[in-house]
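The values are calculated or read from the model by the stated rules, or taken from the named source; none is laboratory data. This one's a predicted model, so the numbers in the text were calculated from it and none came from an experiment. Cβ atoms come from the backbone with ideal geometry, glycine included; neighbour counts cover every protein chain shown. For accessibility, only protein heavy atoms count, side chains too; no ligands or nucleic acids. Shrake-Rupley method; radii C 1.70, N 1.55, O 1.52, S 1.80 Å.
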Amino acid sequence: MKRILALALLAGIAPIHAQDPNQATPVSSIKIKEGFKVELLYSVPKDQQGSWVSMTVDNKGRLIVSDQYGSLYRVTPSAIGGPESDTKIEKINAKIGHAQGILWNEGAIYLTINDGAEEFQGRGLYKVTASKGDDDFDTVVQLRAFPNQGGEHGPHGVVLGPDKKSIYTIVGNQTPMTPMDTSRVPLHWSEDQLFPMLLGRGFMRDVLAPGAWTAKTDFEGKKWELLATGCRNTYDASFNHEGDLFTFDADMEWDTNTPWYRPIRVCFMQSGGEFGWRTCSKKFPVRWEDSLPPVIDVGLGSPTGVAYGYGAAFPAKYAESLFICDWSYGKLYAVHVKAKGAAYTADLEEFMSASPLPLTDLVVSPTDKALYVTVGGRKTQSGLYRVTYTGKESTESAPTKMDGETAKLHELRRSLEVFHGKQDPKALEVAWPQLGHSDRNIRFAARIAIEHQPVATWQDKALKETNPRAALTALMALARSVGEYEVANIDDGKNKQGPLQLSVTQKPQADKTVQAKILEALNKIDLNSLKGIDKVTLIRDYELAFTRLGEPDAATKQALAKHLSPLFPQVDPGLNRDLCELLVYLGDDSVTAKAAPYVNN
């Protein structure tokens, strides 16, 4: 026993009996960057106030927090430098709680409720106000009910839009989509895999595309616009100075050490975005251009709260950083996001950590310019911490300006995003020249703009495109768009108050004429003349021609196998995998012998 304890201490694991079960992790156990100070302002009495998972700050610098399975509380933090015991806790009397997302704005509290508790109206977006204009919040209005299918992967963060006139909701993959008035994502998502899963069962096996989603609405929840889809279980989000939204998405933890594993990752939620989550092992690899890549991979963990450090009295490096919380490993990261091309890249730094430190949310208070952090969740011991800077560096900061070329690329991307979610005759004129752009995010934005236009206006143009790079993007758009899709709102049978589930169903494609033309156009593109990701995109386009337009006849399969078989194997492992899968689908007789040597590599 002593040996086990010694090994645990060497590994940095605190012994179970070392911590008072009624107290949050002590400051002495927390590692934090040099020059910063962390204070434990309050250990939450679990049997009385539950376990806190979400937080916002009101116009007086007070925090409003929510117990995951209980009420809302108002917290008046002690003054910086004053006794921590001066921190004051009040229960908010409004009959609402269980919020995993919370936002204060102009005298109202907006909540996203993940739990269908009977004491209020169930899962959805709510607005809580004080009828007398004081601190007595007594009016609860449900702005939108969400399909009530249970599970923690439901409605999470709620974030104020950069225009200060809208709010964004962040929803996990266990909640079907609510009806949308408009959508920046083309309404023709699909599983897009050549083969079905081999597993007979699996977590959320029956949850199909679109996966987790992000939407924008007004302060009364009247009009809804879909921004992006295809995440697994995004919990929170934050806007940068440019008005771009960032989230922290979960992995499929049981896929660790498999070729198809994707780590937890920070994502830039680009307009019309698709991030390729599909149930079990069907998630898209980053190399597929019908989805978007992450800003940065983080590793193993459980993503929770996200917030930019804007307004904190921190050195510029940290005041301009995106802070992200990992619940399971007790790590608060500072993500130093940098514009690159039309999107972003980042460096990752561990800012604060302990074991245990089940981080749930964080917020910068504009009143005292400190960073407040909560721990808790799943009925674990909860606490409230404050982080301040005590070092000697300047705490004056300003947004980092993009260089001229990068700024132009961001402007170009936004000029294409204007056409997302609407039909406009100018879209083809503006977007088509960018289908072959060297920047992947520009190509994505251009393709989404094209996919929102009537297919009949650009089908022939796609089939006749002679620039190989532009043709790859155009043919991807055509394969995804040319099928027949039915968009419907279907009652999930569980939420009698509405709303209805948004469903996109692909109808069988009987006419193979378009598929044949797409395949003919793809056959004209020489894979060996392409470079890098362009080769992957060519093979992916073949796959999409089949996943969207159906299995071709035997003669077509045989001809394609003869055309593609000499190209296998390739040097790139990802391309090899895609090409091998495609040849198996086509029934190539030689692929097994050629693929066998790669099985254990």
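Before moving on, here are some points about what is shown:
- Extreme residue, nearest to HIS156 (Cα to Cα), among residues of the range 359-393 that are in a loop (DSSP other than H, G, I, E, B) and open to solvent by less than 20 Å² (accessible area, probe 1.4 Å): GLY377
- Residues that are open to solvent by 10 Å² or more (accessible area, probe 1.4 Å), of a type outside the set (S, T, N, Q) and either modelled with pLDDT of 85 or more or touching a Ser or Thr at 6+ places or on another chain (Cβ under 6 Å) (or both), drawn from the range 110-133: LYS127, ALA130, LYS132, GLY133
- Apart from one condition, PHE146 fits all of (1) surrounded by fewer than 20 Cβ atoms within 10 Å (Cβ to Cβ); (2) of a type outside the set (S, T, N, Q); (3) closer than 30 Å to ARG480 by Cα; (4) at pLDDT below 95; the exception is (1).
- Selected residue (criterion: farthest from SER271 (Cα to Cα)) from residues of the range 235-253 that are open to solvent by less than 10 Å² (accessible area, probe 1.4 Å) and modelled with pLDDT under 95: MET252
- Scanning the range 556-601 for residues that are closer than 17 Å to LEU538 by Cβ and assigned to a loop (DSSP other than H, G, I, E, B) yields a count of 6.
- Across the range 46-89, the number of residues qualifying as open to solvent by 10 Å² or more (accessible area, probe 1.4 Å), assigned to a strand (DSSP E or B) and small (Gly, Ala, Ser) comes to 1.
- Any chance LYS95 is over 30 Å from the mean Cα position of the chain (by Cα), at pLDDT 95 or above and open to solvent by 70 Å² or more (accessible area, probe 1.4 Å): no
- Hey, ALA354 over 22 Å from LEU41 (Cβ atoms) and modelled with pLDDT of 95 or more or not: no
- Residues in the range 163-200 that are touching a residue at least 60 places away in the same chain (Cβ under 8 Å), touching an Asp or Glu at 6+ places or on another chain (Cβ under 8 Å) and among the charged types (D, E, K, R): ARG184, ASP192.
- Residue within the range 526-534 that is among the basic types (Lys, Arg) and surrounded by 15 or more Cβ atoms within 10 Å (Cβ to Cβ) present: no
- Residues of the range 277-299 classified as under 14 Å from the mean Cα position of the chain (by Cα) and either closer than 16 Å to ARG184 by Cα or in a strand (DSSP E or B) (or both), total: 5
- Verdict on GLU581 being in contact with a Phe, Trp or Tyr (Cβ under 9 Å, 6 or more places away or on another chain), without any contact (Cβ under 8 Å) to a residue 40 or more places away in the chain and open to solvent by 30 Å² or more (accessible area, probe 1.4 Å): no
- The set of residues in the range 272-284 being at pLDDT 95 or above and open to solvent by 10 Å² or more (accessible area, probe 1.4 Å) consists of GLU274 alone.
- Any hit, the range 328-347, residues being crowded, with 19+ Cβ neighbours inside 10 Å and touching a Lys or Arg at 6+ places or on another chain (Cβ under 6 Å): yes
- Residue check: GLN453 meets all listed conditions (1) open to solvent by less than 30 Å² (accessible area, probe 1.4 Å); (2) in contact with a strand residue (DSSP E or B) (Cβ under 8 Å, 6 or more places away or on another chain) but one, namely (2).
- Each residue in the range 302-320 was checked for being closer than 27 Å to PRO155 by Cβ and outside any strand (DSSP E or B), and 4 pass.
- Filter pass, GLN142 being over 21 Å from ALA237 (Cβ atoms) and in a strand (DSSP E or B): yes
- Restricting attention to the range 394-435, the residues that are within 22 Å of LYS340 (Cα to Cα), in a loop (DSSP other than H, G, I, E, B) and open to solvent by 40 Å² or more (accessible area, probe 1.4 Å) total 8.
- For the range 26-40, the set of residues classified as under 21 Å from THR76 (Cα atoms) and within 31 Å of the chain's Cα centre (by Cα) consists of LYS37, VAL38, GLU39, LEU40, listed by residue number.
- Members of the range 321-349 found to be over 17 Å from ASP297 (Cβ atoms) and part of a strand (DSSP E or B), listed by number: PHE323, LEU332, ALA339
- Considering the conditions (1) on the phi < 0 side of the Ramachandran plot; (2) within 14 Å of the chain's Cα centre (by Cα), MET180 is excluded by exactly one of them, (2).
- Odd one out for ASP326 among (1) in contact (Cβ under 8 Å) with a residue 24 or more places away in the chain; (2) touching a helix residue (DSSP H, G or I) at 6+ places or on another chain (Cβ under 9 Å); (3) of a type outside the set (A, V, I, L, M): (2)
- Condition check for GLU34: of a type in the set (Asp, Glu), assigned to a strand (DSSP E or B) and in contact (Cβ under 8 Å) with a residue 40 or more places away in the chain: no
- The lone exception for PHE314 - which of (1) buried (at least 19 other Cβ atoms within 10 Å of the Cβ); (2) closer than 27 Å to LYS283 by Cβ; (3) out of contact with any helix residue (DSSP H, G or I) (no Cβ under 9 Å at 6 or more places or on another chain) it fails: (2)
- Filter pass, PRO468 being loosely packed, with under 13 Cβ neighbours inside 10 Å and under 19 Å from ASP534 (Cβ atoms): no
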